[in-house]
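Student: Right, I'll just put the structure down here and ask away after.
The values are calculated or read from the model by the stated rules, or taken from the named source; none is laboratory data. Predicted, not measured: the structure shown is a model, and the values here were computed from it. Don't worry about glycine lacking a Cβ; one is built from the backbone with ideal geometry, like all the others, and counts go over all protein chains shown. We work out accessible area using only protein heavy atoms, side chains counted, and drop any ligands, DNA or RNA first. Shrake-Rupley method; radii C 1.70, N 1.55, O 1.52, S 1.80 Å.
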Number of protein chains: 2
Amino acid sequence: MKDMKIPYKTYLTESEMPKYWFNLNAFMPGKHPPFLNGVTGKPCTAEELEKVFCKECVKQELNFTDKEIEIPKGIRDFYRTFRPSPIVRAYFLEKFLDTPAEIYYKFEGNNTSGSHKLNSASAQAYYAKEQGLKFITTETGAGQWGTALSMAAAFYGLGLEVFMVKASAEQKPYRKEVIRTYGANVVPSPSETTEAGRKILKEFPDTGGSLGCAIAEAVEKAVKIPGCRYVLGSVLDHVLLHQTVIGLESKAVLDGYGVYPDLIVGCMGGGSNFGGLIAPYMADRLQGKCKTEFLGVEPASCPSVSRGKYAYDYCDSAKITPLAKMYTLGCGFMPPSEHAGGLRYHGMSPIISKLCNDGYIGVKAVKQTSVFKAALDFAKCEGILPAPESAHAIKAVADAAIECRETGEKKVILFGLTGTGYFDLAAYKQYNDGVMKDYVPTDKELEKGFSTIPRIR
Amino acid sequence: MKDMKIPYKTYLTESEMPKYWFNLNAFMPGKHPPFLNGVTGKPCTAEELEKVFCKECVKQELNFTDKEIEIPKGIRDFYRTFRPSPIVRAYFLEKFLDTPAEIYYKFEGNNTSGSHKLNSASAQAYYAKEQGLKFITTETGAGQWGTALSMAAAFYGLGLEVFMVKASAEQKPYRKEVIRTYGANVVPSPSETTEAGRKILKEFPDTGGSLGCAIAEAVEKAVKIPGCRYVLGSVLDHVLLHQTVIGLESKAVLDGYGVYPDLIVGCMGGGSNFGGLIAPYMADRLQGKCKTEFLGVEPASCPSVSRGKYAYDYCDSAKITPLAKMYTLGCGFMPPSEHAGGLRYHGMSPIISKLCNDGYIGVKAVKQTSVFKAALDFAKCEGILPAPESAHAIKAVADAAIECRETGEKKVILFGLTGTGYFDLAAYKQYNDGVMKDYVPTDKELEKGFSTIPRIR
């Protein structure tokens with residue numbers, strides 16, 4: 001084993017923790033195209049967005065100028081309960097892979113939600129409370145976001161209704177129970193409680209649901225109840241902003257050891273964790289200060305960027321949300337329920353999409369069984385059972401590290417270990433039993449998805 | 001909220017982590033009575049114990065003189081993957097309880113096993129590997145120990161068979177799956193694979209099993225297979241020794257802030273986590289250096305100390321292990337399967353038992369529904385969903401803190417938050433659904449248990 005000159009695990013002290021989020025939008029080579037109102041086709045105004053989202057979040061969403069945005073003390077107080085998260089030098093994984101590469105990971109799973117999602121959940125719940133709201137709604141797929149928001153809502157004393165993708169609610173009764181334990185109401189989606197849900201159920205009575213559909217239900221409810229707003233766990237710029245605490249903490253620790261990554265890898269569902277991890281490094285790259293490569297990893301079963309189109313599309317399947325310019329498989333695309341874990345979203349963060357389109361981020365799609373194999377290897381040598389989502393990054397990192405073994409390159413790799421797989425044991429069981437299958441959509445299936453992308457301009 | 005002068009969460013740095021365990025036995029007011037051979041009634045020799053346990057563990061078990069025992073580098077390497085664990089100042093719980101008390105907890109749940117168990121699992125797996133063994137066996141109740149040992153066995157490259165209490169294996173299929181994911185074989189106990197198991201099944205065909213029975217099966221198998229030994233997760237002195245890393249880290253952090261606890265609280269199943277937490281403080285007390293009070297908390301459904309007898313008894317229900325002088329409800333005592341979580345053991349660590357008997361440790365038995373209520377309050381304000389076991393301590397701490405509210409006393413309370421409840425959602429569901437019941441054995445039920453204590457001298 002290497003000499004462990006750098007500690008295996010490093011935490012910032014409380015006083016070193018970030019007091020500002022990093023606004024990547026202020027560094028972008030040109031703004032990404034704005035949201036469009038789905039009815040008028042015109043750019044969304046703050047007023048329109050504020051009907052759905054909290055005021056402060058809308059302000060952040062439309063902020064393309066301030067490089068830093070202060071994290072309010074009320075949020076930093078709650079951050080203390082689960083942050084800082086550690087930067088780990090993966091000595092044991094390096095040894096297992098027999099690679100000259102240095103591998104670091106930022107582990108965001110050490111909290112009850114089991115993922116990075118709590119970073120934005122806290123912020124959004126805090127702002128809702130500050131705005132005087134009593135109630136918020138959201139959707140959840142794999143359940144991490146719903147759990148995170150239930151924790152934040154409990155902490156700040158807010159009511160919460162979570163529309164949980166039905167397949168997930170059924171496959172993960174315990175995820176549902178955690179959310180309930182924190183006091184939130186869980187509604188399997190599609191449900192009969194909204195127009196959007198009823199419409200989908202009529203067309204597809206046996207559907208396991210989708211994130212897009214759950215979003216539509218949660219938005220519909222938020223708009224209809226006075227004093228209620230909708231809260232989203234990924235995709236949007238303000239969510240990515242809150243997630244930059246990941247990248248800021250990572251950079252603060254690594255800078256302290258004089259370590260600068262050559263390659264940063266992360267899984268991409270909606271893109272916010274990856275965006276948050278890379279933000280300060282990407283700003284360096286955009287300013288010509290480094291040559292770091294960025295690699296986003298997505299499931300082959302839901303290849304939003306690698307096989308998607310860069311186009312204006314709805315954020316939800318019911319087509320009630322604004323349109324975002326993003327990589328998309330079409331808002332009607334839905335991978336089979338047993339695939340892609342929490343990375344089932346048809347679209348991608350507008351910021352990440354633009355950076356992919358501009359050539360700053362590379363993308364790799366990986367198959368599910370190879371992801372679980374990498375997850376098991378990782379668990380056995382690093383001790384942590386990773387979330388299947390995070391294991392997409394592990395798979396790509398392992399591939400890169402093995403390439404280094406062959407070339408002898410001592411590449412410095414940083415990746416985001418976004419969460420733990422403690423509530424994903426049904427999927428691990430499938431893999432352990434040897435019955436897990438890989439799914440890769442055919443071109444024809446993709447065409448069907450693309451046909452749901454609206455024709456704009 | 002108080003001013004947070006002390007950080008919410010403090011970790012030691014890697015270089016500050018303990019390099020020695022603390023041998024409480026070297027500080028005890030007289031040795032506790034030795035193990036007796038169940039057949040001859042004479043004190044067990046090292047040779048006898050080495051047939052069952054690893055050599056180094058036996059050496060530690062019989063070491064009453066060395067105040068410190070070095071933690072080998074091979075164990076400290078693995079400790080790095082999940083240690084140090086944080087000391088948390090429970091500001092939010094203090095606020096919720098409106099108490100002048102200062103509450104600190106040492107959180108041992110931030111690892112995939114979800115508990116402190118990994119501290120001893122690593123040590124025992126390491127020693128087994130060093131001794132040249134290929135295979136180890138163990139039992140698990142709630143599943144935390146089995147998970148911990150599967151992680152350690154995977155890390156060191158050892159084969160492992162886990163006899164899992166049948167009721168638990170059925171109630172917690174995902175616990176079973178984690179253990180399997182790390183490569184171990186899980187056998188629901190009682191099983192047909194051992195004489196002990198077959199005997200119990202014949203007498204009680206519908207039994208959900210017990211820790212005592214699972215221990216008997218695991219020991220039987222270890223003794224029969226060449227190159228195999230048995231590994232135990234609690235009760236024994238060497239297990240408590242390995243757990244002293246909890247108390248040492250706690251004391252190192254708190255000493256740094258000039259904080260010395262007036263009261264230390266922990267849950268007790270077999271007693272090793274509580275013993276490990278209190279060890280350095282208890283040594284101070286035994287040497288007259290402090291007046292700290294110690295409170296062990298056990299389930300009212302399995303009140304080993306508060307209603308048990310201090311007597312020689314078997315460590316297992318099949319009566320194949322040596323006899324230990326301990327508080328016991330009788331090796332035949334078995335609480336109903338839905339009660340007491342991982343605190344179902346009929347006996348108690350000989351060290352803890354002696355300290356209880358000598359008046360150094362107070363004991364409180366608490367009812368299950370009050371424990372879950374305390375768990376929910378804690379989860380909502382501190383963010384962590386606690387293990388039901390750990391929540392026994394939370395309940396007692398809340399009671400003590402509320403007492404301080406009434407007396408105005410600024411007591412400094414430290415407690416062990418031994419683990420997380422991520423695999424205990426079935427129990428939380430019972431509580432959330434309002435169908436959880438309290439069970440307190442009648443005197444008649446206890447008498448039946450006591451009748452299984454052997455008559456020795």
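Student: What tally of residues in the stretch A:78-91 results from selecting those that are open to solvent by less than 10 Å² (accessible area, probe 1.4 Å) and over 18 Å from A:Leu248 (Cβ atoms)?
Tutor: Total satisfying the criteria: 2.
Student: Tell me which residues, restricted to the stretch A:383-400, are within 14 Å of chain B (Cβ to nearest Cβ), assigned to a helix (DSSP H, G or I) and in contact with a strand residue (DSSP E or B) (Cβ under 7 Å, 6 or more places away or on another chain).
Tutor: Result: A:Ser390, single match.
Student: Taking interchain pairs and intrachain pairs at least six residues apart, which have beta carbon atoms under 8 angstrom, with the first residue in the stretch B:180-195 and without any contact (Cβ under 8 Å) to a residue 60 or more places away in the chain and within 12 Å of chain A (Cβ to nearest Cβ) and the second polar (S, T, N, Q) and surrounded by fewer than 21 Cβ atoms within 10 Å (Cβ to Cβ)?
Tutor: B:Arg180/A:Asn432; B:Thr181/A:Asn432
Student: If you scan the stretch B:278-322, which residues turn out to be aliphatic (A, V, I, L, M), crowded, with 21+ Cβ neighbours inside 10 Å and part of a loop (DSSP other than H, G, I, E, B)?
Tutor: B:Ala300, B:Val305, B:Ala318
Student: If you scan the stretch B:155-179, which residues turn out to be touching a residue at least 24 places away in the same chain (Cβ under 8 Å), within 10 Å of chain A (Cβ to nearest Cβ) and not charged (D, E, K, R)?
Tutor: If the condition is that a residue be touching a residue at least 24 places away in the same chain (Cβ under 8 Å), within 10 Å of chain A (Cβ to nearest Cβ) and not charged (D, E, K, R), then B:Phe155, B:Gly157, B:Tyr174, B:Val178 are the ones that fit.
Student: Among the residues of the stretch A:146-183, how many are assigned to a helix (DSSP H, G or I) and either of a type in the set (Gly, Ala, Ser) or open to solvent by 10 Å² or more (accessible area, probe 1.4 Å) (or both)?
Tutor: 18
Student: Does the stretch A:372-381 contain any residue that is in contact (Cβ under 8 Å) with a residue 40 or more places away in the chain, part of a helix (DSSP H, G or I), closer than 30 Å to A:Ser317 by Cβ and in contact with a helix residue (DSSP H, G or I) (Cβ under 8 Å, 6 or more places away or on another chain)?
Tutor: Yes: the stretch A:372-381 contains one or more residues that are in contact (Cβ under 8 Å) with a residue 40 or more places away in the chain, part of a helix (DSSP H, G or I), closer than 30 Å to A:Ser317 by Cβ and in contact with a helix residue (DSSP H, G or I) (Cβ under 8 Å, 6 or more places away or on another chain).
Student: Right, here's the next one. Here is a check on your reading of the model: is B:Val245 part of a helix (DSSP H, G or I), over 22 Å from B:Ala391 (Cβ atoms), in contact with a Lys or Arg (Cβ under 9 Å, 6 or more places away or on another chain) and open to solvent by 40 Å² or more (accessible area, probe 1.4 Å)?
Tutor: no
Student: Considering each residue of the stretch B:184-204, count those that are open to solvent by less than 100 Å² (accessible area, probe 1.4 Å), part of a loop (DSSP other than H, G, I, E, B) and farther than 12 Å from B:Glu220 by Cβ, and give that number.
Tutor: 1
Student: Given the conditions (1) at pLDDT 95 or above; (2) in contact with a Ser or Thr (Cβ under 9 Å, 6 or more places away or on another chain), which single one is not true for B:Leu232?
Tutor: Among (1) at pLDDT 95 or above; (2) in contact with a Ser or Thr (Cβ under 9 Å, 6 or more places away or on another chain), the lone unmet condition for B:Leu232 is (1).
Student: Now for a separate question. For the stretch A:247-272, which residues satisfy the criterion of being without any contact (Cβ under 8 Å) to a residue 40 or more places away in the chain and of a type outside the set (Gly, Ala, Ser)?
Tutor: Passing the criteria: A:Lys251, A:Asp255.
Student: Moving on to the next point. So, in the stretch A:1-36, of the ones that are open to solvent by 30 Å² or more (accessible area, probe 1.4 Å) and of a type in the set (S, T, N, Q), which residue ends up farthest from A:Leu254 (Cα to Cα)?
Tutor: A:Ser15
Student: Could you tell me which residue of the stretch B:323-361 is farthest from B:Thr452 (Cα to Cα), considering only residues that are of a type in the set (A, V, I, L, M) and part of a loop (DSSP other than H, G, I, E, B)?
Tutor: It comes out as B:Ile361.
Student: A:Ala152 passes all but one of (1) under 16 Å from the mean Cα position of the chain (by Cα); (2) facing chain B (nearest Cβ under 10 Å); (3) under 23 Å from A:Pro18 (Cβ atoms); which number fails?
Tutor: So the condition that A:Ala152 fails would be (1).
Student: Anything in the stretch B:251-277 that is open to solvent by 10 Å² or more (accessible area, probe 1.4 Å) and on the phi > 0 side of the Ramachandran plot? List them, or say none.
Tutor: Within the stretch B:251-277, B:Gly258 is the sole residue that qualifies.
Student: Moving on. Can we say B:Tyr127 is open to solvent by less than 40 Å² (accessible area, probe 1.4 Å), touching a helix residue (DSSP H, G or I) at 6+ places or on another chain (Cβ under 8 Å), part of a strand (DSSP E or B) and closer than 30 Å to B:Leu248 by Cβ?
Tutor: no
Student: Return the residues of the stretch A:410-444 that are in contact with a His (Cβ under 9 Å, 6 or more places away or on another chain) and either open to solvent by 30 Å² or more (accessible area, probe 1.4 Å) or at pLDDT below 95 (or both); say none if nothing qualifies.
Tutor: A:Lys437, A:Asp438, A:Tyr439
Student: Let me ask you something else. Restricting attention to the stretch B:93-106, which residues are of a type in the set (Phe, Trp, Tyr) and open to solvent by 10 Å² or more (accessible area, probe 1.4 Å)?
Tutor: The one that is of a type in the set (Phe, Trp, Tyr) and open to solvent by 10 Å² or more (accessible area, probe 1.4 Å): B:Phe96.
Student: Given the condition away from chain A (no Cβ under 14 Å) and closer than 28 Å to B:Thr442 by Cβ, answer yes or no: does some residue in the stretch B:401-413 qualify?
Tutor: No.
Student: If you don't mind, there's one more thing I want to ask. So, of the residues in the stretch B:107-119 that are of a type in the set (S, T, N, Q) and open to solvent by 10 Å² or more (accessible area, probe 1.4 Å), which turns out to be nearest to the other protein chains (Cβ to nearest Cβ)?
Tutor: B:Asn110
Student: So, one more: Restricting to the stretch B:82-109, give me the number of residues that are within 28 Å of B:Ser150 (Cα to Cα) and either without any contact (Cβ under 8 Å) to a residue 60 or more places away in the chain or among the acidic types (Asp, Glu) (or both).
Tutor: The total comes to 2.
Student: Let me ask something else. Looking at B:Glu139, is it acidic (Asp, Glu), more than 13 Å from every other protein chain (Cβ to nearest Cβ) and under 21 Å from B:Cys267 (Cβ atoms)?
Tutor: yes
This table checks each residue for (1) open to solvent by 40 Å² or more (accessible area, probe 1.4 Å); (2) in contact (Cβ under 8 Å) with a residue 40 or more places away in the chain; (3) more than 22 Å from the chain's Cα centre (by Cα).
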position	(1), (2), (3)
B:Tyr360	yes, yes, no
B:Val363	yes, yes, no
B:Ile384	no, yes, no
B:Pro388	no, yes, no
B:His392	no, yes, no
B:Ala398	no, yes, no
B:Ala401	no, yes, yes
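Student: I'd like to check which strands (runs of 3 or more DSSP E) are fully inside the stretch B:1-90 and have at least 2 residues that are under 30 Å from B:Gly288 (Cα atoms) and facing chain A (nearest Cβ under 10 Å).
Tutor: B:87-89
Student: Taking into account only those residues within the stretch B:416-437 that are without any contact (Cβ under 8 Å) to a residue 60 or more places away in the chain and at the interface with another protein chain (Cβ under 7 Å from one of its Cβ atoms), which is nearest to B:Pro173 (Cα to Cα)?
Tutor: Filtering the stretch B:416-437 for residues that are without any contact (Cβ under 8 Å) to a residue 60 or more places away in the chain and at the interface with another protein chain (Cβ under 7 Å from one of its Cβ atoms), the one nearest to B:Pro173 (Cα to Cα) comes out as B:Leu425.
Student: Continuing with the same structure: I need the full set of residues from the stretch A:365-382 which are open to solvent by 30 Å² or more (accessible area, probe 1.4 Å) and within 14 Å of another protein chain (Cβ to nearest Cβ), in order please.
Tutor: A:Lys373, A:Asp377, A:Lys380
Student: Further question: Given the structure, is A:Lys55 within 19 Å of A:Leu12 (Cβ to Cβ) and surrounded by fewer than 17 Cβ atoms within 10 Å (Cβ to Cβ)?
Tutor: Here the answer is no, as A:Lys55 does not meet what is asked.
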